[in-house]
Amino acid sequence: MAKVLFVQDVLFESFGPECLCAALKARGHACDLWVLASTGRRGFLRRLRAYRPDILAFSISSFGFRWALDAAREAKRELPLVTVFGGPHPTFFREFALEEGVDYACVGEGEGALVDLAEALDRGGDPAGIANLARRTGDGGLVLNPLRPLVADLDALPDPDRGVYFQYAPLRDLSYKRFMVSRGCPYNCTYCFNKAAKGLYAGLGPYVRRRSPERVVEEILRVRSRYGIRTAGFIDDTFTTDKRWLTAFLDLYRREVSLPFTCVVRINEIDEAAAEALGRAGCTYASFGLEVGNERLRNTLLGRQMSDGEIRAKSALLHKAGVKFLTYNMFGVPGETLEDGLSTVRLNAEIGTDLVGASVFQPLLGTEIHRTCVREGYLDPEFPLDALDRMTARSPFRNMPDLRALENLQKLAFIGVAFPRLIPLLGRLARLPLRPLYALLYKGSLFLRFKVRFGLSTLETLRLGMGSKGRFG
């Protein structure tokens with residue numbers, strides 16, 4: 001039996017480690033998960049010495065991974081263990097496997113690769129040829145093993161192992177519990193990893209897959225029975241793509257579960273029948289990407305392929321069905337002006353957005369738009385990969401005259417949506433050097449957004465926020 005310890009920096013439930021732990025435990029291996037924010041570096045080292053894992057595992061994105069490398073390097077000085085890194089960053093930047101402290105980088109979906117690695121180490125075999133793993137050779141070169149086919153039948157996989165997260169009371173006792181019903185997205189947005197992932201897995205099975213309605217409902221009922229749920233959340237890239245599946249699932253969910261829920265949709269997929277079905281089944285908030293108010297930037301640059309008219313009409317269907325919605329918006333996309341940013345605020349106000357999600361745009365490595373940013377001079381080709389961790393509230397771009405104003409507007413957008421008459425004033429305020437004040441206002445809006453959208457109590461929201469801080473060191 002191999003022992004695997006997953007490590008992450010913040011207190012947040014992630015399906016990657018849950019699914020991997022479930023697959024490992026189904027084959028008789030042991031798993032645990034340590035959150036650095038709970039104790040910091042000293043607590044991590046104590047846990048490491050007590051648990052003595054064979055494998056130390058990390059799931060990372062391009063938004064901050066230096067902490068993981070630091071933890072891996074120190075762990076390898078403490079114990080003779082193997083480190084493996086998975087997630088979007090190693091998948092689209094294979095050279096990550098050459099970093100000091102990295103023994104293996106997992107490319108793509110990792111259940112099969114991590115189970116094979118655990119079993120090879122357990123029996124003293126050679127893990128060098130395991131599919132989906134990248135590694136450094138003795139002479140400093142890079143070897144990427146072939147990818148294995150995608151798991152076509154998601155019902156064949158065990159339920160995510162929530163126990164590794166629910167050992168932490170703020171997550172276990174949270175009245176909002178998250179569920180995943182599918183993998184993959186059929187769309188080709190230029191800023192998203194899904195487009196690149198589809199190319200990566202071409203010929204290796206269907207990229208978009210769904211669990212059966214019955215299997216999802218069974219999991220929800222088990223989680224509710226054991227841990228309690230007041231609101232369920234479906235966190236898939238888009239919940240509404242397959243209308244036949246959606247109708248069957250919502251009918252079953254209404255009969256068997258009947259809890260308020262949130263979900264992520266793509267607004268072009270909403271028709272009257274889908275909106276009404278969501279409303280009948282208890283959807284309290286549907287989230288979708290509006291992204292930018294400038295239609296040309298939305299469709300030509302970002303690849304969203306949806307018009308202002310479609311956004312207006314489909315949003316009205318949600319409101320008619322009694323479904324509130326949150327929109328995701330980006331400020332500071334390549335070539336955007338302050339007036340473009342204000343058009344994003346105006347469109348949100350026009351459609352009656354209930355909650356506003358706003359971020360400063362960051363070009364993820366491996367995406368089409370990242371290449372565009374480098375090619376057109378918005379991003380320095382030598383821009384350090386780990387700098388995105390330090391810049392999530394600021395843009396890494398150059399050669400954009402309105403960039404600092406757009407960063408400020410991102411923090412003020414919720415005011416303009418709630419009070420449209422103030423939008424012209426926001427354009428002037430955004431040009432003032434008042435970033436600390438605007439950041440404070442934005443944090444307050446973020447607190448309220450989480451509380452309202454997920455139906456959390458004030459105490460639950462505070463506990464989550466306090467438990468989501470910390471880095472290794």
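Restricted to segment 25-42, and to residues that are at pLDDT below 95 and exposed (fewer than 15 other Cβ atoms within 10 Å of the Cβ), which residue is farthest from Leu171 (Cα to Cα)? My answer is Arg42. Scanning segment 57-73 for any residue that is within 22 Å of Leu157 (Cα to Cα), in contact (Cβ under 8 Å) with a residue 24 or more places away in the chain and of a type outside the set (A, V, I, L, M, F, W, C) turns up at least one such residue. When Gly416, Gly470 are screened for being modelled with pLDDT of 95 or more and either on the phi < 0 side of the Ramachandran plot or not in a helix (DSSP H, G or I) (or both), only Gly416 passes. Tallying residues that are of a type in the set (Val, Ile, Thr) and more than 27 Å from Asn329 (Cα to Cα) within segment 247-289 yields 2. Residue check: is Ala131 small (Gly, Ala, Ser) and in a helix (DSSP H, G or I)? No, not satisfied. Does segment 215-225 include one or more residues that are modelled with pLDDT of 95 or more, hydroxyl-bearing (Ser, Thr, Tyr) and surrounded by 14 or more Cβ atoms within 10 Å (Cβ to Cβ)? There is no residue in segment 215-225 that is modelled with pLDDT of 95 or more, hydroxyl-bearing (Ser, Thr, Tyr) and surrounded by 14 or more Cβ atoms within 10 Å (Cβ to Cβ). Determine which single condition Pro396 fails, assuming it passes every other condition in (1) surrounded by fewer than 19 Cβ atoms within 10 Å (Cβ to Cβ); (2) closer than 23 Å to Gly357 by Cβ. So Pro396 meets the others, but not (1). The single condition among (1) of a type in the set (S, T, N, Q); (2) assigned to a loop (DSSP other than H, G, I, E, B); (3) closer than 22 Å to Lys443 by Cα that Gln305 does not satisfy is (3). Exactly one residue out of Val374, Val356 is among the β-branched types (Val, Ile, Thr), over 16 Å from Cys192 (Cβ atoms) and assigned to a helix (DSSP H, G or I): that is Val374.
Yes/no per residue for (1) over 27 Å from Glu276 (Cβ atoms); (2) at pLDDT below 95; (3) surrounded by 19 or more Cβ atoms within 10 Å (Cβ to Cβ):
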| position | (1), (2), (3) |
| --- | --- |
| Leu171 | yes, yes, yes |
| Phe193 | yes, yes, yes |
| Leu204 | yes, no, no |
| Gly228 | yes, no, no |
| Thr241 | no, no, yes |
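For segment 144-162, a residue qualifies if it is touching a residue at least 40 places away in the same chain (Cβ under 8 Å) and over 26 Å from Thr238 (Cα atoms), and exactly one does: Leu144. Right, Gly101: surrounded by fewer than 21 Cβ atoms within 10 Å (Cβ to Cβ) and under 22 Å from the mean Cα position of the chain (by Cα) or not? So Gly101 fails the test.
Within segment 199-226, the set of residues being touching a residue at least 60 places away in the same chain (Cβ under 8 Å) and either more than 19 Å from Asp251 (Cβ to Cβ) or touching a Lys or Arg at 6+ places or on another chain (Cβ under 7 Å) (or both) comprises Leu200, Tyr201, Arg222, Val223. Residues in segment 1-47 that are in a loop (DSSP other than H, G, I, E, B) and either out of contact with any strand residue (DSSP E or B) (no Cβ under 8 Å at 6 or more places or on another chain) or β-branched (Val, Ile, Thr) (or both): 4 in all. Residues that are on the phi > 0 side of the Ramachandran plot and in a strand (DSSP E or B) within segment 282-300 comprise just one, Glu291. Name every residue in segment 51-67 that is at pLDDT 95 or above and either assigned to a helix (DSSP H, G or I) or not small (Gly, Ala, Ser) (or both), in order of residue number. Scanning segment 51-67 gives Tyr51, Arg52, Pro53, Asp54, Ile55, Leu56, Phe58.
On the stretch given as segment 339-386, residues that are surrounded by 14 or more Cβ atoms within 10 Å (Cβ to Cβ) and either at pLDDT below 85 or aromatic (Phe, Trp, Tyr) (or both) total 7.
Of the strands (runs of 3 or more DSSP E) that lie entirely inside segment 141-239, those containing 1 or more residues that are more than 26 Å from Ser258 (Cβ to Cβ) span 142-144. Anything in segment 387-413 that is modelled with pLDDT under 95 and under 25 Å from the mean Cα position of the chain (by Cα)? List them, or say none. Ala387, Leu388, Asp389, Arg390, Met391, Thr392, Ala393, Arg394, Ser395, Pro396, Phe397 - these are the residues of segment 387-413 that are modelled with pLDDT under 95 and under 25 Å from the mean Cα position of the chain (by Cα).
The values are calculated or read from the model by the stated rules, or taken from the named source; none is laboratory data. All values derive from a computational prediction rather than experimental measurement. Virtual Cβ from ideal backbone geometry, glycine too; neighbours counted across all protein chains shown.
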